[in-house]
Amino acid sequence: MTRTRKKIAVIGAGNVGATCAFVLAQKKLGDIVLLDIYEGFAKGKALDMSQNGQVLNYDGNLTGTSNYEDIADSDVVVVTSGFPRQPGMTREDLIAKNASIVKQVGEGIKRHAPDSIIIMVTNPLDLMTYHMQKITGFPAHRVCGQAGVLDSARMTHFVAKAVGCSEEDVQAMVLGGHGDTMVPLPRFTTAGGIAITNLLTDDEIDAICQRTASGGGEIVKLLERGSAFYAPGSAAAIMAEAVLHDRKRLIPASAYLTGQYGLQDVYIGVPVILGANGIERIIELELSDGELSSLQTSGNFYKSQLTDILGY
Ligand code: APR
């Protein structure tokens with residue numbers, strides 16, 4: 001019998017993975033399989049979320065597992081397995097530990113969900129997305145990373161507070177790597193269609209850009225154990241929705257560059273069209289010299305990390 005319901009696997013049932021699964025369930029996007037090395041952890045969270053189906057009006061088609069056979073033929077796989085940051089750590093400090101987890105997960109996905117589209121969340125995001133593409137050997141358009149939706153949402157929040165308007169009216173654009181080198185772009189950020197340069201002072205905009213770039217670190221410091229998960233998990237679910245419903249969302253995402261913005265053989269955050277085929281197009285913006293140079297600095301930083309630390 002042909003399967004008509006979509007299937008989404010979320011790897012890692014921790015804070016980000018469980019949040020993502022919870023948002024996916026509420027959006028009624030399909031059957032959800034939560035996979036973790038700790039089977040009971042995945043099963044327990046899936047059961048708890050399933051029992052919430054009646055309360056929040058969704059079908060409880062969530063299962064937990066530690067067996068990759070259960071993710072067979074998933075349409076989308078969201079990867080959140082890996083260690084989060086602790087206070088004082090950069091995302092790059094996670095490379096060694098998370099690279100081996102991504103390798104193990106990538107081999108499972110390649111074997112059991114060979115036609116899926118992969119959305120990476122594990123940090124350091126741009127490096128782990130590159131690593132996943134190499135491990136699976138999937139075409140690059142089927143492996144992308146969630147960072148820009150989150151970073152833009154953070155910027156959106158700070159802009160909305162500074163302008164005194166609703167988040168709904170703000171559109172922000174943050175490119176580059178998901179780390180200290182990220183590139184918030186005030187010139188491409190609007191509130192109610194009005195460029196924020198018309199609404200806020202240069203100092204206010206600078207402060208917003210800085211707070212956006214260190215937005216994850218601010219939360220790590222406050223939490224004292226672990227890192228942000230509501231917004232990262234939701235952002236990954238929104239990307240899954242774009243793929244599953246072929247929404248052709250124009251959003252920033254970590255994508256494989258082949259010369260765009262003067263960068264190649266690296267994953268970095270750029271504006272893309274995300275639809276049923278994954279990254280369907282990379283949008284090349286006319287950037288100012290300063291903006292382009294910041295994006296290239298970010299791309300080259302991750303390129304050197306790929307070589308120096310991951311050996312690519
Ligand atoms: N296979 C499957 N699951 C794994 C594996 C593995 N090889 N290794 C670890 N996990 C699981 C852990 O058991 C844990 O449940 O990944 C989960 C990670 O959850 P948390 O520790 O709560 O971390 P979380 O906050 O969800 O962050 C996960 O996303 O945003 C990034 O930086 C963050 O890299 C981190 C990732």
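Okay, here's what the table says:
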{"item": "Cα-based Kirkwood hydrodynamic radius, the chain, one decimal, Å", "result": "19.5 Å"}
{"item": "Extension gain, Glu107 back to Glu168 (0.36 nm per residue minus Cα-Cα distance, nm)", "result": "18.0 nm"}
{"item": "Unit charges on C-beta of K, R, D, E only; dipole of the range 192-309, Debye", "result": "500 debye"}
{"item": "Helical segments meeting 20 Å axial Cα length and Kyte-Doolittle 0.5 threshold in the chain (DSSP H)", "result": "148-163, 230-244"}
{"item": "Integer Hz, Karplus 6.51/-1.76/1.60 couplings in order for the range 176-193, x for Gly and Pro", "result": "x, x, 8, x, 4, 8, 4, 10, x, 10, x, 5, 10, 10, 10, 10, x, x"}
{"item": "Å² per residue, accessible surface of the chain at 1.4 Å", "result": "45 Å²"}
{"item": "Rounded to whole Å, sorted largest first: equivalent-ellipsoid semi-axes of the range 148-308, Cα gyration tensor", "result": "23, 19, 18"}
{"item": "The range 7-145: radius of gyration and largest Cα-Cα distance (Dmax), Å", "result": "14.4, 42"}
{"item": "The range 33-136 - percent of accessible surface contributed by carbon and sulfur, probe 1.4 Å", "result": "49 percent"}
{"item": "Amide H contacts under 5 Å for Ala147, placed H, 5+ residues apart", "result": "Ser254"}
{"item": "Rounded percent of accessible protein surface that carbon and sulfur make up, the range 148-308, 1.4 Å probe", "result": "48 percent"}
{"item": "Residues of the range 23-67 with amide N under 16 Å of a point placed 7 Å along Cα→Cβ from Ala96", "result": "none"}
{"item": "Size of electric dipole in the chain: Cβ of Lys, Arg +1 and of Asp, Glu -1, about Cα centre, debye, nearest 20", "result": "800 debye"}
{"item": "Cβ crowding within 10 Å averaged over residues, with 12-18, 155-161 ranked highest first", "result": "12-18, 155-161"}
{"item": "Helix-derived mean residue ellipticity, 222 nm - over the chain, DSSP H n ≥ 4, -39500 (n - 2.57), to 500", "result": "-13500 deg cm²/dmol"}
{"item": "Charged-residue dipole, Cβ positions (Lys, Arg, Asp, Glu), the range 7-145 about Cα centre, Debye nearest 20", "result": "260 debye"}
{"item": "Cα pair distances exceeding 16 angstrom across the range 1-83, given as percent", "result": "43 percent"}
{"item": "q = 0.15, 0.23, 0.27 Å⁻¹: log10 I(q)/I(0) that the Debye formula gives for the range 237-284, counting C-alpha atoms only", "result": "-0.35, -0.73, -0.92"}
{"item": "Coil-residue chymotrypsin sites (Phe, Trp or Tyr not before Pro) of the range 1-76, DSSP, other Cβ within 10 Å capped at 16", "result": "Tyr38"}
{"item": "Where a label projected 7 Å from the Cα of Ile309 along Cα→Cβ would reach, residues of the range 84-99 with amide N under 11 Å", "result": "90-99"}
{"item": "Given charges at Cβ of Lys, Arg, Asp, Glu: the range 7-145 dipole, positive-most of Ala72, Asn98, Phe22", "result": "Asn98"}
{"item": "Distance between the range 48-120 and the range 163-189 - C-alpha centres, whole angstrom", "result": "27 Å"}
{"item": "R0 of 22 Å, Cβ-Cβ distance Gln26-Gln54: FRET efficiency to nearest 0.05", "result": "0.95"}
{"item": "Among Gly259, Gly60, Gly226, residue whose mean-square fluctuation peaks in a GNM of the chain (springs only between Cα atoms under 10 Å)", "result": "Gly259"}
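The values are calculated or read from the model by the stated rules, or taken from the named source; none is laboratory data. Model, not experiment: these values are computed from the prediction. Virtual Cβ from ideal backbone geometry, glycine too; neighbours counted across all protein chains shown. Only protein heavy atoms, including side chains, enter the accessible area calculation; ligands, DNA and RNA are left aside. Shrake-Rupley method; radii C 1.70, N 1.55, O 1.52, S 1.80 Å.
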